[in-house]
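Remarks on the structure that follows.
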Amino acid sequence: MPDNIIEVKNVSKSFKKYKRGDSFFDAFKSLFHREFERIHALKNVNFEIKKGEILGYLGPNGAGKSTMIKLMCGILEPDSGTIKALNYTPSKDREKYVKNIGAVFGQKSNLWTDLPAIDTFRLNKEIYKISEHDYKKRLDELVELLDVKEIIKSPVRNLSFGERMKCEFIASLLHNPKILFLDEPTVGVDVVAKQNIRNFIKKINKEFGVTVILTTHDIGDVESLCDRIIILDKGVHVYEGSIPLLKKNYLSYKELIVYFEKETKNIELPNCEVIESEPFKATLRVDILNTSISQAIQNLMEKYKVEDLDIKEESIESIISRIYKSEKK
Amino acid sequence: MNYFFAFIKQSFKESTKSRVVFFINIFGKIIFFIINFYLWQAIFNYDGRGVINGLTMEETINYMLFVSIMYGLLSTNIHRIVMKDVKNGYINIKLLRPLDYGLGHLAMALGQNIYSFFLEIIPSLIIAIFFFNFKIYGIFYFLLSFISFFLAIILNFFIDLNFSLINFKFIDTYSAVNFAKSVFKSLFSGEIVPLNFFPQIMQQIFKFLPTTYLFYTPIMIYLGKLSGADIILSFIFQLIFIIFFYAIYKFFWKMLTKSFEGVGV
Amino acid sequence: MSLFLEYVKIKIKDFFSYRFTLFLFLLIDIIYIISLSVPFLIIYSATEGFPNWNIYELFFFTTTGIITSTLIFTFAIVIGLDITDKIKDGSFDLLLLKPVNIYYHMLIQSLDLRNFFPDFPLFLIILIILYPLVGILFSWINLFYFILIIFISCLIFIGFSGIFISFSFFVPHFDSFWDLFFSFREISRKPIDIYKNKFIVLFLTFVFPFALWNYYPASILMGKIDTSIVPSLVLMAIIFLAIGFFSLKYGLKHYKSANG
């Protein structure tokens, strides 16, 4: 399958975690005997990533997202199963493989804080053995795209978080990677900078053909960027597919906002639940598993005098949180 | 005050270290015992006199063994904590705590010390007694010396804290100042060489230096070299110095927080 | 090689990004000399001192110690310390993301040459001034052995650092061990022959090699001991390096990145 840039097969990863008590006696006891439990961060995970897509990798804290990203980057080795990325096995052919990937980890900085970002870029040029010509061209392009001409010349410690993030992006894209891993790239960034970063990710995906794999807690990132999402909970994939598909499969209700011609009370319709009711306005939740929205509107029109109406879908955020919750039960 | 004890407890829990570190610490203590034991034996044997400046060989060796045992309690890493707080901007969070910045860190240090007392000091004390003839000159003196050490820990903490505050103004000069302080402290507290070996004139000055009360006086109490009145006087001196350094800290702290603008947010 | 140079460049820039740094380093050096010499002065003023060593010889011993420990620090200890820190806070991940041999990269990215600037020339000058005062006959052979032994001790402590680093892959609070390690420097500051105990001498030479930090280089330069020990030290360096390398390899395999 030449399309697949990354193939993950039956990957499991677990960590040892020592249990430890609070009391003084426990502290003493732990010197001689300690109990541990195995935390299964990932259990038999399978998936593929296609060339040129933007994949959103979502899940609650501690679901194993970061572990998966680290496995795909070659930082960690899986306990069992195989990972193939760009025809390499990341943990085995690490040196050759990482030449082709870039990574931005929101928490960890690649940049030297006391120096201007440009110095880090020059260092990366040496690390990735980029030729002078390619380096200049690439840097100019990226600086242009992110509009950071002045910023890269002042010490990183004086930059705002959003500016710093932009520099991180440049540092991880200089060597023209085929895959870009982003671990919470917009965390702690203000709305305007967030929008800039999103546009930038879209652009590098479209123009440079970089495959992007992204973990985030920001649902806005997902909606505006991702072609496909994978939802992970407790080391198991609970959903895999596109956002429209997610809506189709998991959407259980739609909301109807109805404006009446005259004062209307005690609305009653089959398969509809009244959430809010005002004299001239009401919000109804239509259970679309048992009825269609058109049927509900028809029923409504027959019974009441309606002036105007709005249809609202459930937000992705609430769908995802519902999926998390249902898994936990 | 409740917060204070909560902090102590929290820090005690946190300092539960792994057993590798525990055994390495014990190993380190044993090496220091051996080194001090043979070093001072060699010096006394070569010198030929039985008593040098009022200390016999046995007393000097026990002095140095006691320094090795207690060493961990009288070293803080407050300067590193303050530097991290300032550089990373954690200070803003810590300022929101209901407990004074310095007292909060004192509580943390004490919590760690309680941990090391049981898991470093007592095991190494037992080893010293059984394998290095560490002698207890009188259980009463021995207990009094621990009270003195307890005060010394607090005094030491406030000295270090004051020097750490330099970080706020001069992030770049901190290392030199801190290094100078630690050298001065280790020389004039009797940590490397008992203060008895210093020239007579300096010994008079030492009485009025706070560093003397870190290692030298507690150990002199343990050796039974101080009279009852001297012991009480030394406690009073320790308390005065603690109050003095605490007051300085309070003064600096007020000045600093007024002029402080968050760094690195 | 160009990567190495780029690292050196960036470190120097980083070094001068704060004011007064050079001046401060000089100041620290002066305090350092005081801290090392005063205890000897005190002991020599109150007692007969150490057998076999007069005070000038001890000063010479101390000064060579500063030079050798600068080298050992720069090429071994600081690197180990830096890497353990990185493993603890998880930024070691970033090192693994670079297409450079990991052992080589650990070495050059943590190499901190700034210790060299004020220290090395300063103490070399002091050493040259002390030389006639102590009354040692200069010989090229001894100088050669001096340099050789420093080289050997660097290798040994690189191996040592490797062992420590691999420990920190498994033990979460291992960084506190470095504090202890630094306090062991006190051992290296006294000539080990004063202990008059064969077991201690062997222990500090072959197992816990702090005598290599200072005692062997200085004594050989001063012609106090003969050179028959050198071959066994070379063998030891090879053994330590091998242990360090293999434990690192083992540790890297079991690396579990922080907050994973």
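Observations on the structure shown:
- Within the option set C:238, C:194, being over 26 Å from residue B:30 (Cβ atoms) and among the β-branched types (Val, Ile, Thr) holds for one residue only, C:238.
- Of all residues in the range A:187-235 being small (Gly, Ala, Ser) and farther than 29 Å from residue A:13 by Cα, the one that is surrounded by the most Cβ atoms within 10 Å (Cβ to Cβ): A:193
- Qualifying positions in the range C:164-180 - more than 7 Å from chain B (Cβ to nearest Cβ), of a type in the set (Phe, Trp, Tyr) and under 18 Å from the mean Cα position of the chain (by Cα): C:164, C:178
- Residues of the range C:189-208 classified as in a helix (DSSP H, G or I), within 21 Å of residue C:77 (Cβ to Cβ) and open to solvent by 10 Å² or more (accessible area, probe 1.4 Å), total: 3
- Residue B:122 vs. criteria within 22 Å of residue B:33 (Cβ to Cβ), more than 20 Å from the chain's Cα centre (by Cα) and open to solvent by 40 Å² or more (accessible area, probe 1.4 Å): no
- Selection from the range C:142-158 of residues that are under 22 Å from residue C:224 (Cβ atoms), open to solvent by 20 Å² or more (accessible area, probe 1.4 Å) and touching a residue at least 60 places away in the same chain (Cβ under 8 Å): C:142, C:143, C:145, C:148
Residue-by-condition table, conditions (1) more than 14 Å from chain C (Cβ to nearest Cβ); (2) modelled with pLDDT of 90 or more; (3) surrounded by 19 or more Cβ atoms within 10 Å (Cβ to Cβ):
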| residue | (1), (2), (3) |
| --- | --- |
| B:182 | no, no, no |
| B:194 | no, yes, yes |
| B:198 | no, yes, yes |
| B:203 | no, no, no |
| B:239 | yes, yes, no |
| B:243 | yes, yes, no |
| B:252 | yes, no, no |
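- Some residue of the range B:86-102 being small (Gly, Ala, Ser), modelled with pLDDT of 85 or more and open to solvent by less than 50 Å² (accessible area, probe 1.4 Å): yes
- Where helices (runs of 4 or more DSSP H) fall entirely within the range B:144-255, those with at least 1 residues that are closer than 20 Å to residue C:31 by Cα are at B:166-169, B:174-188, B:200-206.
- So residue B:3, is it out of contact with any His (no Cβ under 8 Å at 6 or more places or on another chain) and either crowded, with 17+ Cβ neighbours inside 10 Å or of a type in the set (S, T, N, Q) (or both): no
- The helices (runs of 4 or more DSSP H) found entirely in the range A:126-227 that carry 2 or more residues being more than 25 Å from the chain's Cα centre (by Cα) are A:132-146.
- Residue match in the range B:81-101 (condition: part of a helix (DSSP H, G or I), under 29 Å from residue B:220 (Cβ atoms) and away from chain C (no Cβ under 11 Å)): no
- Selected residue (only one of C:110, C:161, C:183 is within 27 Å of residue B:76 (Cα to Cα), more than 12 Å from every other protein chain (Cβ to nearest Cβ) and without any contact (Cβ under 8 Å) to a residue 60 or more places away in the chain): C:110
So that you can scan it fast, the table gives a plain yes or no per residue for (1) buried (at least 17 other Cβ atoms within 10 Å of the Cβ); (2) at the interface with chain B (Cβ under 10 Å from one of its Cβ atoms); (3) under 30 Å from residue B:56 (Cβ atoms); (4) not aromatic (Phe, Trp, Tyr):
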site: C:2; (1), (2), (3), (4): no, no, no, yes
site: C:7; (1), (2), (3), (4): yes, no, no, no
site: C:13; (1), (2), (3), (4): no, no, no, yes
site: C:26; (1), (2), (3), (4): no, yes, no, yes
site: C:34; (1), (2), (3), (4): no, yes, yes, yes
site: C:46; (1), (2), (3), (4): yes, yes, yes, yes
site: C:61; (1), (2), (3), (4): yes, no, yes, no
site: C:79; (1), (2), (3), (4): yes, no, no, yes
site: C:84; (1), (2), (3), (4): yes, no, no, yes
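The values are calculated or read from the model by the stated rules, or taken from the named source; none is laboratory data. This one's a predicted model, so the numbers in the text were calculated from it and none came from an experiment. We place every Cβ from the backbone using ideal geometry, glycine too, and count neighbours over all the protein chains shown. Protein only, heavy atoms only, side chains kept; ligands, DNA and RNA dropped before computing areas. Shrake-Rupley method; radii C 1.70, N 1.55, O 1.52, S 1.80 Å.
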